[in-house]
Structure formats: structure tokens, C-alpha cells
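The values are calculated or read from the model by the stated rules, or taken from the named source; none is laboratory data. Being a predicted model, the structure only gives us computed values, none of them experimental. Neighbour counts run over all protein chains shown; Cβ positions are idealised from the backbone, glycine included. Please note that ligands, DNA and RNA were not included when accessible areas were found on the heavy atoms of the full protein model with its side chains. Shrake-Rupley method; radii C 1.70, N 1.55, O 1.52, S 1.80 Å.
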Amino acid sequence: MRASGTSLGISAILLGGIAIGSAAIFMRLSPVAPSAAAFWRMALSVPVFLTMVLITPSLQQQMATLSRADWRLVFLVGFWFAVDLFFWHWAVDQTTVANATLLANLASVFTVVAGFILFRERVSKIFLAGLTLALLGAASLVGQNAALRPEYLFGDFLGLMTSLALTGYMITAAKTRSRVPTSVLMFGSAVVSAVLLLPAALLSEGAFVPTEAEGWLPLIGLALITHVLGQGLIVYGLAHIPAAVGAVGLLIQPVVAAILAWVIFAEALGPLHIAGGVLILGGIWLSRRG
């Protein structure tokens, strides 16, 4: 893999991770149920990706040449992402946000293991050291609010399922992106995810549609900033780097979320939060060198 392509992939992953770090803020500002917000995040992104495809003749030509196997991969990407969002929102409802976040971050470990088992992707000791450092940083950043209680066990299990679904998404997206253009993949997978998330959104407690016009703003932010920009950059980056490297890069999300919460909601940032953020950034840098 060329060094320039690797640098481009890493940069796209990090920028995408920064954009995705806004998801928690938009979710908190959203006036609808969490499952409904997840649905609108996908549904409102569909017209954007479709427009990208329609105004680009080369993408239309590539889309027309995709095989059934390619479309099955696109479906799997959308399926894994829908499962990821579904379990994540359910986990947050059944356990603490800190527990759910920590368990979801285990996707970086599972992606390394799955890459080795499925594709014999080997990683260096330096990469493993960077991964360990980043995970310790994540634990320091959000682990202060974690809790180990019997009543949280089911929610913790759901958080673990979130990490497994995210692992499936990262690996499948990385393999699919080598065969399908980013905009086409994002369009097709968004349609699949929206369809799969709709029943849960309609059946869950809470509002499905904002009652006031300004209530759509956080949902539009989720769609445009978190998904179109953030997830689009991540999928683009996965064409240039292994999924394991991308999974470590995404650990920048809790750093961004903590900073935004400090700026917007005046949530305190103590020494352990700052130390955790530094460890995450150091771990990402070290894993990149490995």
C-alpha cells in the first residue's frame, strides 16, 4: 500500500471521526426518541448521496456495472450499520452512557482480531502498543462515569453487541469500498439502514417527528455533519487503509465529544479527562507509525 494513500486514508478517518464526535451533541439536542433520531440520521442523508450520484455521470456508469455480489456487500454494510445504531441506542437506555461507550470502543480490538482470523492481516508490536494506549485513554476519558452493577448487565451486553456490529461494519465497509465508489456505497447502505431502523423508530416510546420546525435542526446536523460528512470520510478512508487502523483512528470520537460537551453544555473537563484525551491521540499516532 502506497505511503501517500495510507496518509490520505488516515487523514480521512481522523476528519471523519472528528465529525462523528458531534453525534452525541446532536442526539442530546434532538426532540425525538433516540431510535427515531437514528432513523432520521439515515433517511435525511439518502437524498444527499442520491444527488451526488445523479450529478456525476461516472458514478452512474460505475453503479450500472455493479454485480449482484457487489450489491450484497452494500446491503451488508447498511445492515451492520443499522444493527450498530440499534444496539447502541438500546444499550444507552439499559446502562450508563459511559459503560456503553467503553464497550463500543472494544470494536478496535475485535477488528484487529477479525482481520487476522479472516484475512491474515498482521499488525506490528508498535501498532498493538498504540492500540493499548488509545484504549487506556478512552477508559480514562469516559471510564470515570462507568459503573459495574447487576442491573446494568443486560445493557452492558448490548454495548458489547454494539462493538461486534461496528466490527462487522468496519470490515465489510473496507472490503466493499475497494469495489464500490464511496457515494454509491453510502447511498445504498443508507437506504438499507433507514428501512431496517424504521420499525424500531415507530414502535419506540417518544416522538417520531419534531413538533416544531427548529426541532429538525439537530436531525439535519446528524444527517449532514455526522453521517454525510463524517461517515462518508470514514468509508472513503477505508479504501486506503486496513480496517484495524481505521478502527483505532475512530477512537478520536470521545475526545471530540468531550470537548464539544465542555464548550456547549459546560460539562467539566478534569485532569483525568485531559490525560485520557492525550493518551488517545498518542495511541493513534503510535498505531499509525506501526
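I'd like to know if segment 112-124 contains one or more residues that are under 16 Å from the mean Cα position of the chain (by Cα), small (Gly, Ala, Ser) and open to solvent by 10 Å² or more (accessible area, probe 1.4 Å).
No.
Taking Leu44, is it open to solvent by 40 Å² or more (accessible area, probe 1.4 Å), closer than 23 Å to Val248 by Cα and modelled with pLDDT of 90 or more?
The answer is no for Leu44.
Going by what's in this entry, would Leu59 be described as assigned to a helix (DSSP H, G or I) and either in contact with a Pro (Cβ under 9 Å, 6 or more places away or on another chain) or surrounded by fewer than 17 Cβ atoms within 10 Å (Cβ to Cβ) (or both)?
Here the answer is yes, as Leu59 does meet what is asked.
Filter segment 16-41 for residues that are open to solvent by 60 Å² or more (accessible area, probe 1.4 Å) and modelled with pLDDT of 95 or more and give the result.
Answer for segment 16-41, where residues must be open to solvent by 60 Å² or more (accessible area, probe 1.4 Å) and modelled with pLDDT of 95 or more: there is none.
What residue, among those in segment 236-290 that are in contact with a Ser or Thr (Cβ under 8 Å, 6 or more places away or on another chain) and not in a helix (DSSP H, G or I), is least open to solvent (accessible area, probe 1.4 Å)?
Ile241
Determine if segment 26-33 includes at least one residue that is of a type in the set (A, V, I, L, M, F, W, C) and under 24 Å from Ile241 (Cβ atoms).
no
Could you check Leu233 against (1) under 16 Å from Arg177 (Cα atoms); (2) of a type in the set (A, V, I, L, M, F, W, C); (3) in contact with a Ser or Thr (Cβ under 6 Å, 6 or more places away or on another chain); (4) surrounded by fewer than 24 Cβ atoms within 10 Å (Cβ to Cβ) and say which number it fails?
Exception for Leu233: condition (3).
Any chance segment 86-100 includes a residue that's within 30 Å of Leu202 (Cα to Cα), out of contact with any Gly (no Cβ under 9 Å at 6 or more places or on another chain) and at pLDDT below 85?
Scanning segment 86-100, I find at least one residue that is within 30 Å of Leu202 (Cα to Cα), out of contact with any Gly (no Cβ under 9 Å at 6 or more places or on another chain) and at pLDDT below 85, so the answer is yes.
Return only the number of the condition from (1) under 26 Å from Phe154 (Cβ atoms); (2) hydrophobic (A, V, I, L, M, F, W, C); (3) at pLDDT below 90; (4) open to solvent by 20 Å² or more (accessible area, probe 1.4 Å) that Ala104 does not satisfy.
Result: Ala104 fails condition (4) only.
What pairs can you find where one residue is in segment 215-228 and touching a residue at least 24 places away in the same chain (Cβ under 8 Å), the other is charged (D, E, K, R), and their Cβ atoms are less than 9 Å apart, with a gap of 6+ or different chains?
From residues that are touching a residue at least 24 places away in the same chain (Cβ under 8 Å), the pairs are Pro218/Arg28; Leu219/Arg41; Leu222/Arg41; Ala223/Arg41; Thr226/Arg41; His227/Arg41.
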